[in-house]
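Below: one structure, written as structure tokens.
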Amino acid sequence: MNPELRDWKRICVFCGANSGALPAYVQAATDFGTELVARGYDLVYGGGSVGLMGVVARTVLEGGRHVTGVIPRALTTSELAGEVLGELVVVDTMAERKERMLTMADAFVVLPGGLGTMDELFEALTWGQLGIQSKPVGVLNVNGYFDQMIAWVDHAVAEGFVRPHHRDLLVDATTPAALLARMAEHELPAGLLVWHKEE
Ligand code: AMP
């Protein structure tokens with residue numbers, strides 16, 4: 001196990017504000033939340049009560065772990081839908097939301113979702129690529145939902161647009177237990193840049 005990963009406390013989950021077309025997606029969100037509780041992890045997420053986001057947050061909260069939701073003020077009506085799950089951090093912008101989630105968590109797990117979820121996945125990966133921070137990123141590939149996304153990343157490597165060691169930032173598995181185990185075992189690729197902030 002990568003020694004840096006042994007003291008994970010908070011896992012950030014990126015997932016859909018919708019529930020998807022198949023019951024398997026809601027089941028996977030419930031199962032993933034249950035796995036977080038079983039392992040004693042707290043949750044960071046986008047703060048909503050709708051879709052898979054709400055399913056994960058409710059499961060973790062009901063299991064007795066801490067839930068932090070980070071939501072921009074402008075989305076409090078549509079994504080909270082009148083229900084606050086756990087501790088809510090209200091921010092001003094989408095960029096601030098993402099930055100808060102990325103810096104608060106020790107690792108990132110992506111469940112099925114739409115454009116917003118993909119934005120968050122690639123932000124986490126590109127922070128790794130640029131060396132802004134290096135934290136594990138895993139996708140829970142329920143029902144083959146991410147097959148095409150993973151195939152595209154491999155295509156981008158083959159075509160010379162993604163370096164092979166950056167491809168290794170992305171971990172995937174089909175069950176929550178296998179995904180978290182694989183992420184904990186995962187060695188972050190050697191040779192990542194180290195980001196130097198301007199003074
Ligand atoms: P979706 O996958 O489109 O259902 O969206 C899932 C979540 O991602 C929702 O809470 C969206 O508000 C959020 N989201 C969408 N775009 C962004 C963004 N640029 N930065 C941060 N969160 C986003």
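Here LEU179 meets the list (1) in contact with a strand residue (DSSP E or B) (Cβ under 8 Å, 6 or more places away or on another chain); (2) open to solvent by 10 Å² or more (accessible area, probe 1.4 Å) almost entirely, failing just condition (2). Would you call VAL44 in contact (Cβ under 8 Å) with a residue 24 or more places away in the chain and open to solvent by 10 Å² or more (accessible area, probe 1.4 Å)? So VAL44 does not fit the description; no. The set of residues in the range 122-149 that are hydroxyl-bearing (Ser, Thr, Tyr) and either in a helix (DSSP H, G or I) or closer than 20 Å to LEU188 by Cβ (or both) comprises THR126, SER134. Residues in the range 113-135 that are in contact with a helix residue (DSSP H, G or I) (Cβ under 7 Å, 6 or more places away or on another chain) and either among the hydroxyl-bearing types (Ser, Thr, Tyr) or modelled with pLDDT of 95 or more (or both): GLY113, GLU120, GLU123, ALA124, SER134.
Mind listing whichever residues of the range 133-151 are of a type outside the set (S, T, N, Q) and either free of Cβ contacts under 8 Å to residues at least 24 places away in the same chain or open to solvent by 60 Å² or more (accessible area, probe 1.4 Å) (or both)?
Going through the range 133-151, the residues of a type outside the set (S, T, N, Q) turn out to be 135-140, 142, 144-147, 149-151.
The answer is GLY144, TYR145, ASP147, ILE150, ALA151.
Let's see how each residue does on (1) part of a helix (DSSP H, G or I); (2) more than 25 Å from ASN141 (Cβ to Cβ); (3) away from the ligand (no atom under 12 Å from the Cβ); (4) out of contact with any His (no Cβ under 9 Å at 6 or more places or on another chain):
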position	(1), (2), (3), (4)
GLY16	no, no, no, yes
SER19	no, no, no, yes
TYR25	yes, no, no, yes
PHE32	yes, no, yes, yes
GLU35	yes, no, yes, yes
VAL55	yes, no, yes, yes
LEU61	yes, yes, yes, yes
GLU83	no, yes, yes, yes
LYS98	yes, no, no, yes
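Filtered by the rule that a residue be in contact with a strand residue (DSSP E or B) (Cβ under 6 Å, 6 or more places away or on another chain), open to solvent by 30 Å² or more (accessible area, probe 1.4 Å) and closer than 23 Å to LEU179 by Cβ, the range 83-109 gives GLY86, MET104, ASP106. Which residues, taken from the range 157-199, are in contact (Cβ under 8 Å) with a residue 60 or more places away in the chain and in a helix (DSSP H, G or I)? Those that are in contact (Cβ under 8 Å) with a residue 60 or more places away in the chain and in a helix (DSSP H, G or I): PRO176, ALA177, LEU179, LEU180, MET183, ALA184, GLU185.
In the set (1) open to solvent by less than 10 Å² (accessible area, probe 1.4 Å); (2) closer than 16 Å to PHE14 by Cα, PHE122 fails one condition alone, (1). When ASP154, ASP119 are checked against the criterion of being acidic (Asp, Glu), without any contact (Cβ under 8 Å) to a residue 40 or more places away in the chain and either within 16 Å of the ligand (Cβ to nearest atom) or assigned to a loop (DSSP other than H, G, I, E, B) (or both), a single residue qualifies: ASP119.
The values are calculated or read from the model by the stated rules, or taken from the named source; none is laboratory data. For clarity, every value in this text was computed on a predicted model and none was experimentally measured. Glycine also receives a Cβ, built like all others from the backbone with ideal geometry; neighbour counts cover every protein chain displayed. The protein model used for the area step is the full one, side chains on, heavy atoms only, and it has no ligands, DNA or RNA in it. Shrake-Rupley method; radii C 1.70, N 1.55, O 1.52, S 1.80 Å.
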